[in-house]
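Just so it is clear, none of the values below were taken in a lab; they were calculated from the coordinates. All figures in this text were calculated on a predicted structure; none of them were measured in a lab. Quick reminder, even Gly has a Cβ in these numbers, built from the backbone with ideal geometry, and neighbours come from all protein chains shown.
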Amino acid sequence: MSQYASHSETSCRRQTMLRSAFRGAVAAALDADDVIEVLANPDGSIWIERAGLGLAREAETLDADARERIIRLVANSVGETCDRANPVISAELPGSGERFEGLLPPVSEAPCFAIRKPAAAPYTLDDYVMSGALAPAVADALRSSLGSRANIVIAGGTSSGKTTFTNALLAEAAFAEERIVILEDTRELKCAAKNAVALRTHGEGASLSRLVRSTMRLRPDRIIVGEVRGPEALDLLKAWNTGHPGGVTTLHANSAEGALSRLEQLAAEATGASPQRLIAEAVDVVVFMSRRDGVRRVEDALRVAGIDGDSYAFAPLCEPRLVPELKGETHESR
């Protein structure tokens, strides 16, 4: 038997063991198209978020041994160890790609994990408009921004829909005929471009900062980063500002205006200085996603107009009179 065949057989066996470890409400949730997230808490409670319904507790519980077995099986499936010395595992579930975060004592009181499911079907800007989550004028302005190779930052809180909206942008025609390089910690972004390269971080040797620098040698037309959360922000800004415009990234922030302040903090981790002018030159558009009572929508879309004193200057991406009150959508979002 070849080494590849042996590895494939072992991988299949691990996937089977893992899937058998998921049972009851957790297994049903992983198979359901409307489920966004599955949470198993240290007290054994199971919480499931469904599209449009928010987060709800299941009647069923999952005991500590079962939770720990799942965490250890996930770690084993990606060739890592999760124990008291290494109590945290971040991985993708083998075969299906759900994002998994597991924690063991002493980090947590008892074993717990979270599973984030990828969107069951790609959502488009037109879908957002039809569901009332995006004003038609803003959708048109975003398409125009993509066509003019604007650099776009998608901001919002946890599970506000940033990744799903980024995928909607990547499905636009502006990306179809260009060479796209996508950088992520976990594979969640999808691009239909014929010439696309997807790279994933791997330990310190292949951090996001390292990958951004390597990407410059891959002749990208556009650079997409799943989420900036550290000093790689500076490398991305430099890349965007030196001949590689038209990129998209996401970050955690509480408002569209606050997104650039957050980006400034992240970039400063690499320099110790505030790269305010670089940010004002590199970022063209900020989109803010919100989630209220399980409903996600595009809350705000601003054009970066430069620097006004010690602050960033913004302008609406399109005329306010063209933006009606939004209802918010109920599809599966990240």
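Across the alpha-carbon atoms of the chain, the computed radius of gyration and Dmax are 20.7, 68 angstrom.
A crude spin-label estimate for the pair Arg277 and Asp140, with each label 7 Å from Cα along the Cβ direction, gives 3.7 nm.
Hey, with R₀ at 30 Å, roughly what FRET efficiency would Asp65 and Ala114 work out to, going by the Cβ-Cβ distance, to 0.05?
Values: r = 19 Å, r/R0 = 0.62.
Between Asp65 and Ala114 the formula returns 0.95.
Estimated from the Cβ-Cβ distance and a Förster radius of 30 angstrom, the FRET efficiency linking Ser148 and Ala313 is about 0.95. Normalising the average separation of contacting C-alpha pairs (under 8 angstrom, six or more residues apart) by the number of residues puts the relative contact order of the chain at 18 percent.
Compute the length gained on full extension between Ser255 and Arg219: take 0.36 nm times their separation in residues and subtract their Cα-Cα distance, giving the result in nm to one decimal. Display every interim value, and only then the final one.
Values: separation 36, 0.36 × 36 = 12.96 nm, distance 3.32 nm.
That works out to 9.6 nm of additional length.
Looking at the square roots a ≥ b ≥ c of the eigenvalues of the Cα gyration tensor of segment 109-247, which shape do they give, rounded for a/c under 1.5, prolate if a/b is larger than b/c, or oblate? Taking the square roots of the gyration eigenvalues as a ≥ b ≥ c, segment 109-247 is oblate. Mean separation of Cα pairs under 8 Å and 6 or more residues apart, divided by the residue count, gives segment 174-282 a relative contact order of 23 percent.
Between Thr124 and Trp47, what length comes free when the chain is fully extended (0.36 nm per residue of separation minus the Cα-Cα distance, one decimal in nm)?
On the way: separation 77, 0.36 × 77 = 27.72 nm, distance 2.84 nm.
Contour length minus the Cα-Cα distance gives 24.9 nm.
Decide, for segment 257-304, between rounded, prolate and oblate: order the square roots of the alpha carbon gyration tensor eigenvalues as a ≥ b ≥ c, take rounded if a/c falls under 1.5, and otherwise choose prolate if a/b is larger than b/c, else oblate. Oblate, since a/c reaches 1.5 and b/c is not below a/b.
Can you tell me how segment 3-116 classifies by the Cα gyration tensor, rounded, prolate or oblate, using a/c under 1.5 as the rounded cut?
Working: a/c = 2.06, a/b = 1.28, b/c = 1.60.
Cα axes put segment 3-116 in the oblate bin.
Taking 0.36 nm per intervening residue step and subtracting the Cα-Cα distance, what contour gain separates Ala192 from Glu178 on full extension?
On the way: separation 14, 0.36 × 14 = 5.04 nm, distance 1.05 nm.
Value of the extension gain: 4.0 nm.
For n ≥ 4 DSSP H runs only, could you compute -39500 (n - 2.57) per run for the chain, divide by its residues and tell me the 222 nm figure to the nearest 500?
On the way: 10 runs with 109 residues, N = 334.
Using -39500 (n - 2.57) per qualifying helix, the result is -10000 deg cm²/dmol.
The lysine pair tally for the chain, using Cα distances under 22 Å and a gap of 8 or more places or different chains, is 4.
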